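Note sheet for the following structure.
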Amino acid sequence: MDERTHAEEHLRIIRSLMERATIYRAISAPTALVGSVLSLLTATLLFVANGRGSTSFFKLSHPGAARQFIVIWLVVLLLTLLANTLFIWRKARHESSAFMTAGLRLAIYSAAPVLIIAALLTSLFWRNDETTEALPILVTVWITCYGLALLATANFAPRSLRFLGWAFLLTGAACLVLTGPIFNTEPARHSAIAMGLTFGFFHLVYGLSTWPRQAKAA
Amino acid sequence: MLDFDKLDKAIHEKARLGIMTLLATRAAWPFQELKAELGMTDGNLITHLRILHEAGFVAVTKEVLDRPQTSYSLTARGRKAFQDYLDVLEQIVKAGRK
């Protein structure tokens, strides 16, 4: 090996290590899969329960529909976060490293501003005790803010996570256009479809496509 | 004529180059995170860190948070040595293209 090839090889090692060290995947494949399964089940349940003539426990009653909807999805979020905490804790234990790594801290700081705004907007829907007609707007807020939160980590996120962020953001934009002409004909069911498509299906695709790479890197 | 003799011997070793590279990406690295990222054994990593510390390139910080933790960071001298090392590598690559 001549000196130039040797030097190039060393520069390649440096570059790959630097890239690896500065990239942080804020959503792991197992977390995405747990979130997607829970979201798909919940969305299906809400879609079926809100059909005409249904008397299901999950049928969103007119006054207080937004509160019911928020509570249901808050449970899904909490279960997913719980699973995520467990996965991070297991990884930290396996590697004998700290639970709160520099990458995790950076991801939380980056995504926090838009997530705080999402929480405040959600609280408005809660306080106003909105009916089913408001659900498409609430869902649009969630999808758009989640996409923005993912893109806030774009500087140190892998490409797959940036794609996921853009998929959410563009779907959020599409929901903004569709709210009114299409969404409002059956707001509860259409909101369930939007949640199932994004938090369910998008996460499923992301989880399945990144699983082999993450398993190899572990 | 540029050659590998100009490269700092303390850095110009695959494992130590890896350590210096990672230390250059952040303010400080806990021992366990370095170990996980580089896939090295405790003994091997400690040996290379000691060589870099003795060369004055790496600073050691010991603190007790929820448990004792040792962190490593580049000193100003270490950062300059790493930058010089990169410059020499670049010059070798450029000279080889001419």
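The values are calculated or read from the model by the stated rules, or taken from the named source; none is laboratory data. Note that the coordinates shown come from a computational prediction; the quantities given were computed from them, not determined experimentally. A quick note on method: Cβ atoms are made from the backbone with ideal geometry, for glycine too, and the neighbour counts reach across all protein chains shown.
Answer with yes or no whether B:Leu38 is within 14 Å of chain A (Cβ to nearest Cβ) and either over 24 Å from A:His94 (Cα atoms) or touching a helix residue (DSSP H, G or I) at 6+ places or on another chain (Cβ under 6 Å) (or both). For B:Leu38, the condition - within 14 Å of chain A (Cβ to nearest Cβ) and either over 24 Å from A:His94 (Cα atoms) or touching a helix residue (DSSP H, G or I) at 6+ places or on another chain (Cβ under 6 Å) (or both) - is met.
Can you say whether B:Glu63 is part of a strand (DSSP E or B) and charged (D, E, K, R), as far as the supplied structure shows? Criteria met by B:Glu63. If I filter segment A:142-155 for residues that are part of a helix (DSSP H, G or I) and over 17 Å from the mean Cα position of the chain (by Cα), do I get at least one hit? Looking through segment A:142-155, at least one residue is part of a helix (DSSP H, G or I) and over 17 Å from the mean Cα position of the chain (by Cα). Does A:Thr122 satisfy the condition of being buried (at least 16 other Cβ atoms within 10 Å of the Cβ) and within 17 Å of the chain's Cα centre (by Cα)? So A:Thr122 passes the test. Just one of the numbered conditions (1) more than 9 Å from chain A (Cβ to nearest Cβ); (2) modelled with pLDDT of 85 or more; (3) out of contact with any His (no Cβ under 9 Å at 6 or more places or on another chain) is not true of B:Thr21: (1). For segment A:14-56, a residue qualifies if it is in contact with a His (Cβ under 8 Å, 6 or more places away or on another chain) and either modelled with pLDDT under 85 or among the aromatic types (Phe, Trp, Tyr) (or both), but none of them does. Please work out which one of (1) aliphatic (A, V, I, L, M); (2) crowded, with 18+ Cβ neighbours inside 10 Å; (3) within 9 Å of chain A (Cβ to nearest Cβ); (4) in contact (Cβ under 8 Å) with a residue 24 or more places away in the chain is the condition B:Ala28 fails and give its number. Status for B:Ala28: all satisfied but (2).
Out of (1) assigned to a helix (DSSP H, G or I); (2) surrounded by 15 or more Cβ atoms within 10 Å (Cβ to Cβ); (3) more than 9 Å from chain A (Cβ to nearest Cβ); (4) not aromatic (Phe, Trp, Tyr), what's the single condition that is false for B:Ser71? With respect to (1) assigned to a helix (DSSP H, G or I); (2) surrounded by 15 or more Cβ atoms within 10 Å (Cβ to Cβ); (3) more than 9 Å from chain A (Cβ to nearest Cβ); (4) not aromatic (Phe, Trp, Tyr), B:Ser71 is out only on (1). When segment A:96-119 is filtered for residues that are more than 26 Å from A:Ile137 (Cα to Cα), in a helix (DSSP H, G or I) and either over 18 Å from the mean Cα position of the chain (by Cα) or not hydrophobic (A, V, I, L, M, F, W, C) (or both), the ones remaining, listed by number, are A:Ala102, A:Gly103, A:Arg105, A:Tyr109. When the residues of segment A:76-95 are filtered to those that are farther than 29 Å from A:Thr198 by Cβ and in a helix (DSSP H, G or I), the one that is modelled with the lowest pLDDT is A:His94. Being more than 24 Å from A:Phe69 (Cβ to Cβ) and either among the β-branched types (Val, Ile, Thr) or surrounded by fewer than 18 Cβ atoms within 10 Å (Cβ to Cβ) (or both) is a condition met by at least one residue of segment A:134-154.
Every residue, every condition in (1) of a type in the set (Lys, Arg); (2) surrounded by fewer than 20 Cβ atoms within 10 Å (Cβ to Cβ); (3) within 11 Å of chain B (Cβ to nearest Cβ), yes or no:
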position: A:His6; (1), (2), (3): no, yes, yes
position: A:Pro30; (1), (2), (3): no, yes, no
position: A:Val37; (1), (2), (3): no, yes, no
position: A:Thr42; (1), (2), (3): no, no, no
position: A:Phe47; (1), (2), (3): no, yes, no
position: A:Gly53; (1), (2), (3): no, yes, no
position: A:Phe57; (1), (2), (3): no, yes, no
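A:Thr22 passes every criterion in (1) buried (at least 20 other Cβ atoms within 10 Å of the Cβ); (2) facing chain B (nearest Cβ under 7 Å); (3) touching a residue at least 60 places away in the same chain (Cβ under 8 Å) apart from (1).
For segment A:1-25, filtered to residues that are in contact with a Phe, Trp or Tyr (Cβ under 9 Å, 6 or more places away or on another chain) and assigned to a loop (DSSP other than H, G, I, E, B), the residue that is farthest from A:Trp73 (Cα to Cα) is A:Ile23. Looking across segment A:121-171 at every residue that is free of Cβ contacts under 8 Å to residues at least 12 places away in the same chain and either charged (D, E, K, R) or in contact with a Lys or Arg (Cβ under 9 Å, 6 or more places away or on another chain) (or both), the one that is farthest from A:Arg25 (Cα to Cα) is identified as A:Arg127.
What about A:Thr101, is it within 21 Å of A:Glu19 (Cα to Cα) and buried (at least 18 other Cβ atoms within 10 Å of the Cβ)? In short, yes. So A:Ser110 passes all but one of these: (1) in contact (Cβ under 8 Å) with a residue 40 or more places away in the chain; (2) within 14 Å of chain B (Cβ to nearest Cβ). Which condition number does it fail? That leaves (2) as the condition not met.
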